[in-house]
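The values are calculated or read from the model by the stated rules, or taken from the named source; none is laboratory data. None of the values given here were measured: they were computed from a predicted structure. Just so you know, the surface numbers come from the protein's heavy atoms only, side chains and all, with ligands and any DNA or RNA stripped out. Shrake-Rupley method; radii C 1.70, N 1.55, O 1.52, S 1.80 Å.
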Amino acid sequence: MMNAAIRTGGGIAFGTRAAPKAPCSGEVTVRVRCASINPVDYKLPAFIAGPVAGIDVSGVVESVADDVKHLFSPGDEVFGFSNGSVCELTTADASKLARKPPSLTHREAAALPTAHLTSFQALFVHGALPKRDARGASVLVLGASGGCGLSALALA
């Protein structure tokens, strides 16, 4: 058993869950060092998002499925997305993780994925801001006090 933040009918409460088994094809098991909660975590019901809260994770790889051993090894520090990240151990799709830069703490890395991806999509996918040579382009970021707004400022 492991500690985890469990989605309840109206919120999130701490409880225990069974630890994940060996990773399936394309997955790695991560010992969570830090995870972050986003508004989506308390808005999505358990039947859609799973019983354990959390999407963003930073931690250390514990085990790796055979088909992704070329990407990660046990001991690698990683960050990215994992459904059910607010727990001691989580499994994650290897394609949704990256090696954590040594310049970032686990806390900083766990705060990045959802906020930065949301900002990236808003600026470059939906906002059509050029990714290269954006000289002369203008960007207005409203509400730049939260994670997405601060990420948008940094990316712009």
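Let me have the 222 nm mean residue ellipticity of the chain computed from DSSP H runs of 4+ only, each contributing -39500 (n - 2.57), with the sum over all residues rounded to the nearest 500.
Computed ellipticity for the chain at 222 nm equals -4500 deg cm²/dmol.
Based on the alpha-carbon gyration tensor of the stretch 99-156 and its eigenvalue square roots a ≥ b ≥ c, which shape applies: rounded if a/c is under 1.5, prolate if not and a/b is larger than b/c, or oblate? It is prolate, given that a/c is not under 1.5 and a/b is the larger ratio.
Across the stretch 14-28, computed HN-Hα scalar couplings (Karplus, 6.51 cos²θ - 1.76 cosθ + 1.60, θ = phi - 60°) run 7, x, 10, 9, 5, 5, x, 7, 4, x, 7, 3, x, 10, 10 Hz from first to last residue, x flagging Gly and Pro. Once a ≥ b ≥ c are taken as the square roots of the eigenvalues of the Cα gyration tensor of the stretch 46-156, is the result rounded (a/c under 1.5), prolate (a/b larger than b/c) or oblate (a/b not larger than b/c)? Prolate.
Can you pull the percent of the stretch 83-156's accessible area that's carbon plus sulfur, 1.4 Å probe, other chains left in place?
Details: 2620 of 4670 Å².
Percent of accessible area from carbon and sulfur atoms in the stretch 83-156: 56.
Comparing ALA49, ALA128, ALA98 in a Gaussian network model of the chain (Cα springs below 10 Å), the most mobile by mean-square fluctuation is ALA128. Each residue of the stretch 90-106 was assigned a 3J(HN,Hα) from its phi angle through the Karplus expression (A = 6.51, B = -1.76, C = 1.60, θ = phi - 60°), giving 9, 9, 9, 5, 4, 6, 9, 10, 9, 5, 6, x, x, 6, 9, 7, 4 Hz with x at Gly and Pro.
Using 0.36 nm times the number of residues separating CYS24 and GLU108, minus their current alpha carbon distance, what extension gain do you get?
Details: separation 84, 0.36 × 84 = 30.24 nm, distance 2.80 nm.
Value of the extension gain: 27.4 nm.
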